[in-house]
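The values are calculated or read from the model by the stated rules, or taken from the named source; none is laboratory data. Everything numeric here is computed off the predicted structure, so don't read it as measured data. Positions of Cβ are generated from backbone atoms using ideal geometry, with glycine treated the same way; all protein chains shown enter the neighbour counts.
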Amino acid sequence: MTKRKTTTPPEKQVSLAVELGPLKMKNPVCTASGTFGYGEEYSRYYDLSKLGAITVKGLSLKPLQGNPPPRICETPSGMLNAIGLQNVGVDEFIHKKLPFLHRYDIKVVANIFGNTIEEYEAVAARLDRAAGVHAIEVNISCPNVKKGGMAFGTDLDSTYDVLKAVRGATGLPVLAKLSPNVTDVVPFAVKAAEAGVDGLSLINTLLGMSINVKTRKPRIANITGGLSGPAIRPVAIRIVYQVHRAVGLPILGMGGIINSDDAIEFILAGATAVSVGTANFVNPTAASDIVDGIKKYMIENDIADIRQLVGKVDIPA
């Protein structure tokens, strides 16, 4: 008797490609600024080309040393940090950090910040001329020193002004990273759209505080800091859902994503792509694992294109 040959059925082909405005990514998984260094720090754990994009540590016009320690502490299902945006400065990034990322087939998103509109403009203009930068993410949670220290992202006019200035300083895709520390994020998303940005990053960290009851002192030297991790995910999901329904811009969702189910939750709420942040500190391969998990979910649920899931949460009538 002739033995029948058995063959393994071919794996289903699915498309993970997404577009954040003009920014095209081969899959929807990015890393969140401030949690992945400049990329090289995590390159020993897996091939960075597996990701859709990397958002590098926030860049300012001049190098910054950041806040004094202690600058980070663990909280229930999250962490509190007040690093103070320590970074090497935009020029050193371009000349000494960016060349390493040229080795990988990956989109590079440069997160920027400043204390004046002029500083934002200057950083954006430098990056506009840098080979290998594919988009700019604008952190507007910084204090506007010309307006008494109020954060750009908590004042509607300041939000518009700084984003409009960045938009005029670069031809690269611009993403506005909005602050959740306002009563309603939707009006700020509307202002960002009016300023001409290509997409929105939602959400930045929530303002928090932690006290050591033994010493009766704050656990971090800055007193307050940014809360991140799974504890903030329900807040982030709610904001992504609300903004997606109100504003016609693609959303890069973030806030407590640990695994692929979390990432898919953001996509169902309305995010086109997702950023993995605090999870990188717990599991260095988290972002890579999430790419695999999303693909597995799509195959198991017979979903050919990831875009079929965007905003498809089933809300009862």
Checklist entry - If you take the residues in the stretch 185-197 that are touching a residue at least 40 places away in the same chain (Cβ under 8 Å) and touching a helix residue (DSSP H, G or I) at 6+ places or on another chain (Cβ under 9 Å), which one is nearest to residue 127 (Cα to Cα)? => result 197
Item to check | Residue pairs meeting the criteria (Cβ under 7 Å; at least 6 apart or on separate chains; first farther than 10 Å from residue 81 by Cα, in the stretch 205-230; second assigned to a loop (DSSP other than H, G, I, E, B) and among the β-branched types (Val, Ile, Thr)) | outcome: 229/278; 230/258
Item to check | Scope the stretch 252-274; condition touching a residue at least 60 places away in the same chain (Cβ under 8 Å) and at negative phi; matching residues | outcome: 252, 254, 263, 267, 271, 272, 273, 274
Next on the checklist: Among the residues of the stretch 68-126, what is the count of those that are among the charged types (D, E, K, R), touching a Pro at 6+ places or on another chain (Cβ under 8 Å) and surrounded by 20 or more Cβ atoms within 10 Å (Cβ to Cβ)?
Outcome noted: 0
Next on the checklist: I need the full set of residues from the stretch 37-53 which are outside any loop (DSSP other than H, G, I, E, B), touching a strand residue (DSSP E or B) at 6+ places or on another chain (Cβ under 9 Å) and either free of Cβ contacts under 8 Å to residues at least 60 places away in the same chain or charged (D, E, K, R) (or both), in order please.
Outcome noted: 48, 50
Checklist outcome for this item: Of the candidates 227, 175, the one satisfying the condition of being more than 29 Å from residue 122 (Cβ to Cβ) and not in a loop (DSSP other than H, G, I, E, B) is 227
Item to check | Subset tally (residues that are touching a Lys or Arg at 6+ places or on another chain (Cβ under 8 Å), within 17 Å of residue 306 (Cβ to Cβ) and not in a helix (DSSP H, G or I)) for the stretch 232-271 | outcome: 2
Checklist entry - Being of a type in the set (A, V, I, L, M, F, W, C), at pLDDT 95 or above, more than 17 Å from the chain's Cα centre (by Cα) and in a loop (DSSP other than H, G, I, E, B), is that true of even one residue in the stretch 209-217? => result yes
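Anything in the stretch 92-144 that is among the hydroxyl-bearing types (Ser, Thr, Tyr) and touching a Gly at 6+ places or on another chain (Cβ under 6 Å)? List them, or say none.
Scanning the stretch 92-144 gives 120, 141.
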Next on the checklist: Conditions first: (1) part of a helix (DSSP H, G or I); (2) crowded, with 24+ Cβ neighbours inside 10 Å; (3) touching a Leu at 6+ places or on another chain (Cβ under 9 Å). Residue 187 passes all but one, so which condition is the exception?
Outcome noted: (2)
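Listed here are the residues, each with its yes/no results for (1) in a loop (DSSP other than H, G, I, E, B); (2) in contact with a helix residue (DSSP H, G or I) (Cβ under 6 Å, 6 or more places away or on another chain); (3) modelled with pLDDT of 95 or more; (4) of a type in the set (Asp, Glu).
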| site | (1), (2), (3), (4) |
| --- | --- |
| 2 | yes, no, no, no |
| 12 | yes, yes, no, no |
| 24 | no, no, yes, no |
| 27 | yes, yes, yes, no |
| 33 | yes, no, yes, no |
| 55 | no, no, yes, no |
Checklist entry - In the stretch 240-291, how many are among the β-branched types (Val, Ile, Thr) and in contact with a Cys (Cβ under 8 Å, 6 or more places away or on another chain)? => result 2
Checklist outcome for this item: Selection over the stretch 275-301 where residues are without any contact (Cβ under 8 Å) to a residue 60 or more places away in the chain and either assigned to a loop (DSSP other than H, G, I, E, B) or touching a strand residue (DSSP E or B) at 6+ places or on another chain (Cβ under 8 Å) (or both) yields a count of 3
Checklist entry - Counting residues that are over 21 Å from the mean Cα position of the chain (by Cα) and at pLDDT 95 or above, which helices (runs of 4 or more DSSP H) fully inside the stretch 63-171 reach at least 2? => result 117-128, 156-169
Checklist outcome for this item: Scanning the stretch 268-280 for residues that are surrounded by fewer than 21 Cβ atoms within 10 Å (Cβ to Cβ) and over 15 Å from the mean Cα position of the chain (by Cα) gives 268
Checklist entry - Is it fair to say residue 174 is modelled with pLDDT of 95 or more, more than 18 Å from the chain's Cα centre (by Cα) and within 25 Å of residue 84 (Cβ to Cβ)? => result no
